[in-house]
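The values are calculated or read from the model by the stated rules, or taken from the named source; none is laboratory data. Predicted model, so just to flag it, every value in this text is computed and none were measured. Neighbour counts run over all protein chains shown; Cβ positions are idealised from the backbone, glycine included. Surface accessibility is based on the protein's heavy atoms, side chains included, excluding ligands, DNA and RNA. Shrake-Rupley method; radii C 1.70, N 1.55, O 1.52, S 1.80 Å.
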Amino acid sequence: MTETTAQHHHAPPRGFLRTHVFSLDHKVIGKQYLDLALVAVCTGMLLSWLMRFHLAWPETPIPGLDKVSPNGAAGGVITPEYYLALMTMHGTIMVFFVLTTAPFAGFGNYFLPIQVGAEDMAFPRINMTSFWVTLLAFLVLVSAFVVGDGPPLSGWTAYAPLSAVGKDAGPGQGVGQTLWAVSITLFCVAQLLGALNFITTTLDLRTKGMSLARMPYATWAWFITSVIGLIAFAVLMPACILLILDRMAGTSFFIPGGLVISDRLQPHSGGSPLLWQHLFWFFGHPEVYIAILPGFGIISQILPVFARKPLLGPRVLISCLIAIAFLSYTVWGHHMFLSGMNPFSATLFSVPTLVITIPATIVTLLWIGTIYGAKLRFTTPALFCLGFVSVFVSGGISGFFLAQPSIDTYLHGTYFVVGHFHFVMGVAAMFGIFAGTYFWAPKMFGRMMNETLGKWHFWLTFIGVYCVFMPMHYLGLAGNVRRYSAFTDDYLKPMIPLHRFITIAALFTGAAQLIFLFNLVRTRLRGPKAPDNPWEATTLEWSTTSPPPFDNFGGRPPVVHHGPNEYGATGAAGDYVMQASPPSARPA
């Protein structure tokens, strides 16, 4: 534990560019990350709408799409290749630029320094660089829509040799696939810079009295996620560089000899497509927890605020988060059960896949135990916390089936997997983002979001996501293969009515997000002024003004005397004790 100095890392900004664009202030950078994630999620959601519409009505033209992509959607009807391109871009944008960017880089940049009592991140200039490299990565990725051969079609996992051989593999596999690899390489660089910053800030810039045991749960989650990302992105980045070398420099890391594609013998030898799968999934499964662990921390911090009682088992929670981080590097092989893996190796990966559910289950039980018997305040952030628990459990249960190699052999290539990972990784993480947005918006913008609109947003979204992703488990059990662009001429034709139901539900759920967008924009422009601590919470961000000043605490670094979990208190102004309250205030 260290004590922050009175001198700030850098001088207050002067001029519009330094204040709002090339800012060194972690709060501005955090909001820039969140704004980027908002643009990315709207883009990804639009792509999913196009895919869903095509699956429900495969012969129906989509007005205007032929203008955007004359080759991929001639006459407005999506070709199978263009469907795969949309799927690739949707998955890449959502996984990297939404589920990683918003809960970790966005909220983490804004609130981690404040929650530990620091004036800024340890390396402000590196922090600014991290954001602009992330933005550059996003622009490089979406530029694939406007290059000659269009976006890549190899999926967000970019399996070799499809992604490695170049334009012979099909539309989008030329320049588009190269742009994908360059984009993800840049994204890895940005995340590595951010992870180093988060780790250093947490370990070196904690204010007086802020021991590790007193750190808020969200801070613990961001810190642990940084450690995961430091290892995971350090594996994916060289993997992408090797992929670029295979494509541009004639190397053969992932391309075997004697490979014929499009009637052309590929001039490569000695590579292994399985090497790409090992490298990608050694990153890929920890990435699941990079997306979801910040949500764990956000939910663990918000639930006690509205339950008005301490979180059950805080040290158990932190231990479980650390256990999940460690185990996340032992389970990547369950993504490769169908790759010809030795059955003994499959068993070795199956066991830790089941074991990692134990700490996740314990965390869920801690949440349920916290709200049991509580006088819960059903605010919008609290509702999204409860929704997070619901969708995470629903998606997690289906994971038990996929952890068994014998069952996964049947289900792996079906919509069962699509429903599973959208629930446990996508929807759960999004609910964490929504909970954090409604909870911290008063602190970030100094204005309150509308509760009525927020509750409408929650219920429409909660019902909608179950209507979208729960039927996908049934489709998977029925043998509906994922990544197919249409089912008009085969045995899956009876599934089309259910696909139409899912499409209508997806359009409905997406439209419900317009309520959130309206609420967010309205709040930032002219929402009612927020008090400094509208939720009666305990952590340090609520002991400063809304929004916080440039140096977070007005030149008076706080001194911490209490933990973040002091609810149900006596002798205080309310039923809680803030972390910076004098030591005389004791919990009941």
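Quick notes on this structure:
- Average projection area in nm² (convex hull over Cα atoms of region 103-155, one quarter of hull surface): 5.1
- Between region 126-142 and region 277-347, the Cα center-to-center distance that results, in Å: 26
- Element breakdown for region 102-198 at a 1.4 angstrom probe: carbon and sulfur atoms account for 79% of the accessible area.
- Sorted peptide list for 269-279, 486-496, 97-107, criterion being average Cβ within 10 angstrom, highest first: 97-107, 269-279, 486-496
- Relative contact order (%) - criterion: Cα under 8 Å, at least six apart; region: the chain: 16
- Span-like helix ranges in the chain, DSSP H, alpha carbon extent 27 angstrom or more, Kyte mean at least 0.5: 26-56, 124-142, 175-204, 217-248, 273-307, 380-402, 451-477, 496-526
- Taking the helices alone, the chain has a mean residue ellipticity at 222 nm of -19000 deg cm²/dmol, built from -39,500 (n - 2.57) per DSSP H run of at least 4 residues and averaged over all its residues.
- Heavy atoms of Tyr410: accessible area, 1.4 Å probe, square angstrom to 10: 130
- The Cα atoms of the chain give a gyration tensor whose axes a ≥ b ≥ c have a/c of 1.5 or more with a/b greater than b/c, which makes the shape prolate.
- In the context of the full set of protein chains, residues of the chain present 38 Å² of accessible surface per residue (probe radius 1.4 Å, heavy atoms only).
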